[in-house]
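This is the structure I want to talk about, given as structure tokens.
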Amino acid sequence: MPGPRIELPTIQNWSCHNRGGCCRQHCIEITEQEQQRIVDQKWTEADGIPPNQSVIVKYGGLFRKSHYRLAHQPDGACVFLDDQGLCRIHAKLGEDAKPLACRIYPYAFHPAGKKVAVSLRFSCPSVVANLGQPVADQSKNLRQIARQLIPDGSDNIPPPRISEKEQLDWPDTLRFVAALDEIFAQSNASVTYRLLKALSLIELADQAQFTTVRGERLDDFLAIISEAAEAETPQDLSTLGEPSRLGLLQFRLLVAQYARKDTFAEQSSGWSNRLNLLRAATRFARRKGVAPPLQSAFREVAFEKLELSFGGIPEEAEEIFIRYFRVKIQGLHFFGSAYYDVPLVEGFRSLAMIFPSVFYLARWLAAGDGRDRLSTDDVARAIAIADHHHGYSPAFGQGNFRRRIRNLAKMNDITKLCAWYSR
């Protein structure tokens, strides 16, 4: 039986380089069948598993359905990660023996009517660096995974809304997605300019009604608002000015969430970790003294230093960001079921906010090393840190976070923040 028709990000490469970071960052949920299969494998001390170490954790029960996940070592690493950073299941039994969640990463699959859009998670450094085999050459393997992952009848799943008021069918929803991707495909503009133009198109779309605008008429409409967005986007981004005081406050609280490292080791530390996070959030809100390191990648740095210009975007980092936005847009990885079931307009605003957040984190990394200019490596590391949470941390789907994004949009601060922190 042929697999679903999949649409791949042709601008992206990836192959696993066995760095083991994903096995230290993520909680791997498994099905009951996978749980039983791993139990039947009878892992012992001879395989590198200590005699008192469980390999499976069961949680839930009582009023909730029971779930299973892979256990963790005391340092937070997956129980099957060995000292060389390799998977014990893979080494002993082959890749197909690993849980499906492990075999999928860093790919993400999103049904879209008659096709399945494929995206990637930039929390993997190899994705950020564009290392490995072209994704377009991996279609056979990805189609096999999609066949296991995507349920029957997925082509009947209705499309997400465009805005709070408007919903289209899948073909017209994908016309919006294509219009956004076309902006980022421009070859004669900076990534900041492309992002601000896309934000302008989104704001125009949020104000529009599509009662009778469908098909080719929607193509014409999108061409018109794309031209209007270009006319509204200034070439000199300094004319946008500084974000509002309230906008900067909301932004710092957002950055504090991106800067966290919510791995099993941190989550299992209990109330002490929660109190530390509360204290850190208070310091970010007040912006006094030094930014508290929320993970080992960061050092204490004065908040004032992080507001200075760091010399703009390194040329190679422009390419990373263009690729990042195009992969997320083509893969539908910013709205609907892929992003807390929010409409396209709201989801793109949230996606745009990762841009200034990454630059804030990159400044933090550079300043921690005593530098006042960004390197491409600073930006690459910051993208991996931020994208670990984006679309996956429950906090980003909660009401207070969504209200923060809406308020920043109303104050026109999303555009200003993007320009301000990329300077």
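The values are calculated or read from the model by the stated rules, or taken from the named source; none is laboratory data. Keep in mind that what you see is a predicted model, and the values were worked out from it rather than measured. Counting neighbours? That spans all protein chains shown, and the Cβs are built from the backbone with ideal geometry, glycine included.
From the list L365, L374, which residue is within 24 Å of H26 (Cα to Cα) and either touching a Phe, Trp or Tyr at 6+ places or on another chain (Cβ under 9 Å) or free of Cβ contacts under 8 Å to residues at least 24 places away in the same chain (or both)?
On the way: L374 fails: within 24 Å of H26 (Cα to Cα).
None of the others qualify; the one that does is L365.
Considering only residues that are without any contact (Cβ under 8 Å) to a residue 60 or more places away in the chain, farther than 20 Å from D341 by Cβ and either touching a Phe, Trp or Tyr at 6+ places or on another chain (Cβ under 7 Å) or assigned to a helix (DSSP H, G or I) (or both), which ones fall in segment 382-423?
The answer is A382, K410.
Taking K165, is it of a type in the set (K, R) and at pLDDT below 95?
Criteria met by K165.
Tell me yes or no: at least one residue of segment 338-346 is in contact with a strand residue (DSSP E or B) (Cβ under 7 Å, 6 or more places away or on another chain) and not acidic (D, E). Reasoning before the result, please.
Quick first cut of segment 338-346, residues in contact with a strand residue (DSSP E or B) (Cβ under 7 Å, 6 or more places away or on another chain) only: 338.
Still in the running and not acidic (D, E): 338.
So far as segment 338-346 goes, yes, one or more of its residues are in contact with a strand residue (DSSP E or B) (Cβ under 7 Å, 6 or more places away or on another chain) and not acidic (D, E).
While we're here: Output yes when any residue across segment 214-228 is surrounded by 13 or more Cβ atoms within 10 Å (Cβ to Cβ), without any contact (Cβ under 8 Å) to a residue 40 or more places away in the chain and under 18 Å from T173 (Cβ atoms), and no when none is.
Checked against the condition, which is being surrounded by 13 or more Cβ atoms within 10 Å (Cβ to Cβ), without any contact (Cβ under 8 Å) to a residue 40 or more places away in the chain and under 18 Å from T173 (Cβ atoms), segment 214-228 yields at least one hit.
Between K65, K58, K42, which is assigned to a loop (DSSP other than H, G, I, E, B) and either under 30 Å from K140 (Cβ atoms) or in the same structural domain as A97 (by TED's automatic domain parsing) (or both)? So that I can check it myself, show each step before the final result.
Values: K65 fails: assigned to a loop (DSSP other than H, G, I, E, B); K58 fails: assigned to a loop (DSSP other than H, G, I, E, B).
After ruling out the rest, the residue left standing is K42.
Further question on the same structure: Grab the helices (runs of 4 or more DSSP H) fully contained in segment 255-348, keeping just those with 2 or more residues being at pLDDT 95 or above, surrounded by 20 or more Cβ atoms within 10 Å (Cβ to Cβ) and not hydrophobic (A, V, I, L, M, F, W, C). Lay out the reasoning, then the answer.
Working: elements: 264-267, 271-286, 303-306, 315-330.
In segment 255-348, 315-330 are the helices (runs of 4 or more DSSP H) which contain 2 or more residues that are at pLDDT 95 or above, surrounded by 20 or more Cβ atoms within 10 Å (Cβ to Cβ) and not hydrophobic (A, V, I, L, M, F, W, C).
Among the residues of segment 128-138, is any of a type in the set (V, I, T), farther than 30 Å from K42 by Cβ, under 20 Å from the mean Cα position of the chain (by Cα) and outside the structural domain of E203 (by TED's automatic domain parsing)? Even if it seems obvious, please write down each step before you answer.
Filtering segment 128-138 down to residues of a type in the set (V, I, T) leaves 128, 135.
This time we only want the ones that are farther than 30 Å from K42 by Cβ, so: 128, 135.
Remaining after also requiring under 20 Å from the mean Cα position of the chain (by Cα): 128, 135.
Among the residues that remain, those that are also outside the structural domain of E203 (by TED's automatic domain parsing) are: 128, 135.
Yes, segment 128-138 has at least one match.
Can you find, within segment 59-104, the residue that is nearest to A146 (Cα to Cα) among those that are charged (D, E, K, R) and touching a helix residue (DSSP H, G or I) at 6+ places or on another chain (Cβ under 8 Å)? I'd like the intermediate steps shown before the answer.
Filtering segment 59-104 for residues charged (D, E, K, R) gives 64-65, 69, 75, 82-83, 88, 92, 95-96, 98, 103.
Then keep just the ones that are touching a helix residue (DSSP H, G or I) at 6+ places or on another chain (Cβ under 8 Å); that gives 75, 82, 88, 92, 95-96, 98, 103.
Details: D75: 33, D82: 29, R88: 25, K92: 25, E95: 16, D96: 14, K98: 16, R103: 11 Å.
The selected residue is R103.
Another question, if that's okay. What is the one condition in (1) modelled with pLDDT under 90; (2) among the β-branched types (V, I, T); (3) farther than 27 Å from D387 by Cα that T239 does not satisfy?
The failed condition is (1).
So, one more: Out of (1) surrounded by fewer than 16 Cβ atoms within 10 Å (Cβ to Cβ); (2) among the polar types (S, T, N, Q); (3) under 24 Å from D40 (Cβ atoms), the odd one out for Q73 is which?
With (1) surrounded by fewer than 16 Cβ atoms within 10 Å (Cβ to Cβ); (2) among the polar types (S, T, N, Q); (3) under 24 Å from D40 (Cβ atoms) applied to Q73, the lone miss is (1).
Here's something else I'd like to know. For S226, are the conditions met, namely being modelled with pLDDT of 95 or more, among the polar types (S, T, N, Q), closer than 23 Å to L417 by Cβ and in a helix (DSSP H, G or I)? Even if it seems obvious, please write down each step before you answer.
Working: modelled with pLDDT of 95 or more: yes; among the polar types (S, T, N, Q): yes; closer than 23 Å to L417 by Cβ: yes; in a helix (DSSP H, G or I): yes.
Yes: the conditions hold for S226.
Name the pairs: first residue in segment 72-96 and outside any loop (DSSP other than H, G, I, E, B), second residue aliphatic (A, V, I, L, M), Cβ to Cβ under 7 Å, at least 6 apart or on different chains?
Sorted first by the residue in segment 72-96, then by its partner, the pairs are H72/V79; C78/I28; C78/L70; C87/L81; I89/A97.
In addition: Which of the residues belonging to segment 151-160 are touching a strand residue (DSSP E or B) at 6+ places or on another chain (Cβ under 8 Å) and either at pLDDT 90 or above or surrounded by fewer than 16 Cβ atoms within 10 Å (Cβ to Cβ) (or both)?
First, pick out the residues of segment 151-160 that are touching a strand residue (DSSP E or B) at 6+ places or on another chain (Cβ under 8 Å): 154-155, 157, 159-160.
Of everything in segment 151-160, those that are touching a strand residue (DSSP E or B) at 6+ places or on another chain (Cβ under 8 Å) and either at pLDDT 90 or above or surrounded by fewer than 16 Cβ atoms within 10 Å (Cβ to Cβ) (or both) turn out to be D155, I157, P159, P160.
Which of the residues spanning segment 88-113 are over 21 Å from C124 (Cβ atoms) and basic (K, R)?
If the condition is that a residue be over 21 Å from C124 (Cβ atoms) and basic (K, R), then K92 is the only one that fits.
Let me ask you something else. Answer yes or no as to whether L374 is part of a helix (DSSP H, G or I) and over 17 Å from R194 (Cα atoms). Full working, then the answer.
On the way: part of a helix (DSSP H, G or I): no; over 17 Å from R194 (Cα atoms): yes.
No: the conditions fail for L374.
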